[in-house]
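Student: Sharing a structure here in structure tokens format.
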């Protein structure tokens, strides 16, 4: 998973960054006060909190299935990795949630909603991961969606909202992140964006 600096370098040259900048302009036109600011996103927490919870979650879900042998090999590998994460380790991870949440949510002392890109880059080609192993697939996919995992850890509401189309006609999106339990603000803001920039009738080209 790229660190924050690498994510920034990628976004400086991609339409996903343009989507966030355009969203800022629209929100100002709608009467919102918009500021550009980096929030305290602890990169190490992805490795020490989000990723172990992901793998352990896969392990626990697979154990509950009636026929886990029917899963594809990558999923079974994820489950085996998750089985290496002990209950004691999970308890320690849970205990660290408060500190991580406090760092991430500190920005809400000053703002009501954080806007990020929906993804770091566009979608992969069909079949791009067909011959990849479990860890390779995980790393490649995670690099495309680095903006969601931390909010799963902190339990904050977030919504990925369609935005526009890039130069190849591929949809882009932005993510709205709110305070804990403040889904109402995200739904309201999403409705404002949809009203000002309707998406329902926009269709990407199908080749």
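Student: Would you confirm, using the coordinates I've provided, whether residue 119 is in contact with a strand residue (DSSP E or B) (Cβ under 9 Å, 6 or more places away or on another chain), surrounded by 17 or more Cβ atoms within 10 Å (Cβ to Cβ) and touching a residue at least 24 places away in the same chain (Cβ under 8 Å)?
Tutor: Working: in contact with a strand residue (DSSP E or B) (Cβ under 9 Å, 6 or more places away or on another chain): yes; surrounded by 17 or more Cβ atoms within 10 Å (Cβ to Cβ): yes; touching a residue at least 24 places away in the same chain (Cβ under 8 Å): yes.
Yes: the conditions hold for residue 119.
Student: Taking the stated definitions as given, is residue 132 closer than 21 Å to residue 165 by Cα and free of Cβ contacts under 8 Å to residues at least 60 places away in the same chain? Spell out the reasoning first.
Tutor: Values: closer than 21 Å to residue 165 by Cα: no; free of Cβ contacts under 8 Å to residues at least 60 places away in the same chain: yes.
No; evaluated as a whole, the condition is false for this residue.
Student: Of the residues that make up region 78-89, is at least one out of contact with any helix residue (DSSP H, G or I) (no Cβ under 7 Å at 6 or more places or on another chain) and in a loop (DSSP other than H, G, I, E, B)?
Tutor: yes
Residue-by-condition table, conditions (1) out of contact with any strand residue (DSSP E or B) (no Cβ under 9 Å at 6 or more places or on another chain); (2) outside any helix (DSSP H, G or I); (3) surrounded by 13 or more Cβ atoms within 10 Å (Cβ to Cβ); (4) in contact (Cβ under 8 Å) with a residue 12 or more places away in the chain:
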position	(1), (2), (3), (4)
93	yes, no, yes, yes
106	yes, no, no, yes
114	no, yes, yes, yes
125	yes, yes, no, no
150	yes, no, yes, yes
153	yes, no, yes, yes
162	no, yes, yes, yes
169	yes, yes, no, yes
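Student: Of the residues in region 185-199, how many are in contact (Cβ under 8 Å) with a residue 60 or more places away in the chain, touching a strand residue (DSSP E or B) at 6+ places or on another chain (Cβ under 9 Å) and in a helix (DSSP H, G or I)?
Tutor: Narrowing region 185-199 to residues in contact (Cβ under 8 Å) with a residue 60 or more places away in the chain: 185-186, 189, 192-193, 196-197.
With the extra rule that they be touching a strand residue (DSSP E or B) at 6+ places or on another chain (Cβ under 9 Å), the set shrinks to 185-186, 189, 193, 197.
After this cut, where a residue has to be in a helix (DSSP H, G or I) as well, the list is 185-186, 189, 193.
Residues flagged as in contact (Cβ under 8 Å) with a residue 60 or more places away in the chain, touching a strand residue (DSSP E or B) at 6+ places or on another chain (Cβ under 9 Å) and in a helix (DSSP H, G or I) within region 185-199 amount to 4.
Student: Still on this model: Could you run through region 171-184 and say how many residues are part of a strand (DSSP E or B) and within 30 Å of residue 109 (Cβ to Cβ)?
Tutor: First, the residues of region 171-184 that are part of a strand (DSSP E or B): 171-178.
The next check asks that each one be within 30 Å of residue 109 (Cβ to Cβ); those that pass are 172-178.
Residues in region 171-184 being part of a strand (DSSP E or B) and within 30 Å of residue 109 (Cβ to Cβ): 7 in total.
Student: When the residues of region 35-82 are filtered to those that are farther than 19 Å from residue 152 by Cα and in contact (Cβ under 8 Å) with a residue 60 or more places away in the chain, which remaining residue is surrounded by the fewest Cβ atoms within 10 Å (Cβ to Cβ)?
Tutor: In this case the residue turns out to be 35.
Student: Across region 22-61, which residue is farthest from the chain's Cα centre (by Cα) among those that are assigned to a helix (DSSP H, G or I) and farther than 27 Å from residue 97 by Cβ?
Tutor: Let us first name the residues in region 22-61 that are assigned to a helix (DSSP H, G or I), namely 22-29, 43-61.
Filter again for farther than 27 Å from residue 97 by Cβ, leaving 22-29.
Working: 22: 19, 23: 18, 24: 19, 25: 22, 26: 22, 27: 21, 28: 24, 29: 26 Å.
Among residues in region 22-61 that are assigned to a helix (DSSP H, G or I) and farther than 27 Å from residue 97 by Cβ, the one farthest from the chain's Cα centre (by Cα) is 29.
Student: If a residue has to be on the phi < 0 side of the Ramachandran plot and modelled with pLDDT of 90 or more to count, how many in region 16-47 make the cut? Let's see the steps before the verdict.
Tutor: Going through region 16-47, the residues on the phi < 0 side of the Ramachandran plot turn out to be 16-30, 32-47.
Now restrict to residues that are modelled with pLDDT of 90 or more: 16-30, 32-36.
Qualifying residue count for the region: 20.
Student: Kindly indicate the residue of region 186-198 that is farther than 15 Å from residue 31 by Cα and surrounded by fewer than 15 Cβ atoms within 10 Å (Cβ to Cβ) and also modelled with the lowest pLDDT among those meeting that condition.
Tutor: 198
Student: Suppose the filter is exposed (fewer than 11 other Cβ atoms within 10 Å of the Cβ) and in contact (Cβ under 8 Å) with a residue 60 or more places away in the chain; does residue 20 pass it?
Tutor: Numbers: exposed (fewer than 11 other Cβ atoms within 10 Å of the Cβ): no; in contact (Cβ under 8 Å) with a residue 60 or more places away in the chain: yes.
It is false that residue 20 is exposed (fewer than 11 other Cβ atoms within 10 Å of the Cβ) and in contact (Cβ under 8 Å) with a residue 60 or more places away in the chain.
The values are calculated or read from the model by the stated rules, or taken from the named source; none is laboratory data. Values in this document were obtained by computation on a predicted structure and should not be read as measured data. Cβ atoms come from the backbone with ideal geometry, glycine included; neighbour counts cover every protein chain shown.
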